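The values are calculated or read from the model by the stated rules, or taken from the named source; none is laboratory data. Remember, predicted model here, so these are calculated numbers, not experimental data. Cβ: placed from backbone, ideal geometry, glycine included. Neighbour counts: every protein chain shown. Quick note on the areas: whole protein, heavy atoms, side chains included, nothing else; ligands and nucleic acids left out. Shrake-Rupley method; radii C 1.70, N 1.55, O 1.52, S 1.80 Å.
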Amino acid sequence: MRKYISAVLLILLFVSLFVNVSMLYKDYKSTPGKGEVKGAYELFMVDVRAVQTGLNIYLGETDQKKKQLALYDVLSFTYKMDSELKLLDLKSKQIYNRGLTPLPSYTADFVTTSSRLITSYLMEGKDLTDVAKKLKSYIDDLIKILDGTSMQDKKSSKEVFEKIDNYSNKHSPMY
């Protein structure tokens, strides 16, 4: 009886290993659909606009608690924006053979800047309005350049790639 239990468990182990390896291979070989790129791009743009809203609140408020909450929003949405862009960049490379470079370096700078803003505000009591204004100008320009665009097909994606190149020519990295 014990031999049969061991044999059944060994067979189940091999079957589950085979299923896991085959699923990993399918995931590795699969390419995202154009709808996934379009959806990822729209999520990225929602996060960019959320960062803009948070910065508007931070720069326009006098209440310390509201400023603090706005900085939390800015930090969380810059992280989210950065992760969404990395995913979008990967999907774009798989479908269109072109990534969104150098935009990921800018979003990484946005995360660093928002971290600096909230750390200075909470830990040191410093209100870095000039840094927030610079970040806001970068975000505003990014929204202005990408407004009305989508990545639903090859033509519209090419337009996004060109606009990102234009953005990077006009802006140097923040750090």
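Residues that are open to solvent by less than 20 Å² (accessible area, probe 1.4 Å), out of contact with any strand residue (DSSP E or B) (no Cβ under 7 Å at 6 or more places or on another chain) and not in a helix (DSSP H, G or I): does region 74-85 have at least one?
no
Go through region 120-175 and give me each residue that's of a type in the set (A, V, I, L, M, F, W, C) and more than 23 Å from TYR96 (Cβ to Cβ).
Listed by number, the residues that qualify are LEU122, MET123, LEU128, VAL131, ALA132, LEU135, ILE139, MET174.
Of the numbered conditions (1) over 19 Å from MET45 (Cα atoms); (2) in contact (Cβ under 8 Å) with a residue 24 or more places away in the chain; (3) open to solvent by 50 Å² or more (accessible area, probe 1.4 Å), LYS154 fails exactly one; give the number of that condition.
(1)
Has region 161-171 got at least one residue that is outside any helix (DSSP H, G or I), of a type outside the set (Gly, Ala, Ser) and exposed (fewer than 15 other Cβ atoms within 10 Å of the Cβ)?
So in region 161-171, the residues outside any helix (DSSP H, G or I) come out as 171.
Filter once more, so that each one left must be of a type outside the set (Gly, Ala, Ser): 171.
Pick out the ones that are also exposed (fewer than 15 other Cβ atoms within 10 Å of the Cβ) and you get none.
The answer is no; no qualifying residue exists.
Restricting attention to region 54-66, report how many residues are open to solvent by 10 Å² or more (accessible area, probe 1.4 Å) and either within 15 Å of TYR138 (Cβ to Cβ) or part of a loop (DSSP other than H, G, I, E, B) (or both). Give the steps one after another, and end with the answer.
Kept after step one, since they are open to solvent by 10 Å² or more (accessible area, probe 1.4 Å), are these residues of region 54-66: 56-57, 59-66.
Subset that is either within 15 Å of TYR138 (Cβ to Cβ) or part of a loop (DSSP other than H, G, I, E, B) (or both): 56, 59, 61-63.
So the answer is 5.
Starting from region 135-147, keep only residues that are charged (D, E, K, R), then list their pairs with residues that are open to solvent by 40 Å² or more (accessible area, probe 1.4 Å) whose Cβ atoms are within a distance under 9 Å, requiring at least 6 positions of separation or different chains.
Correct list of pairs: LYS136/GLN52; LYS136/ASN56; LYS136/LEU59; ASP140/GLN52; ASP141/LYS170.
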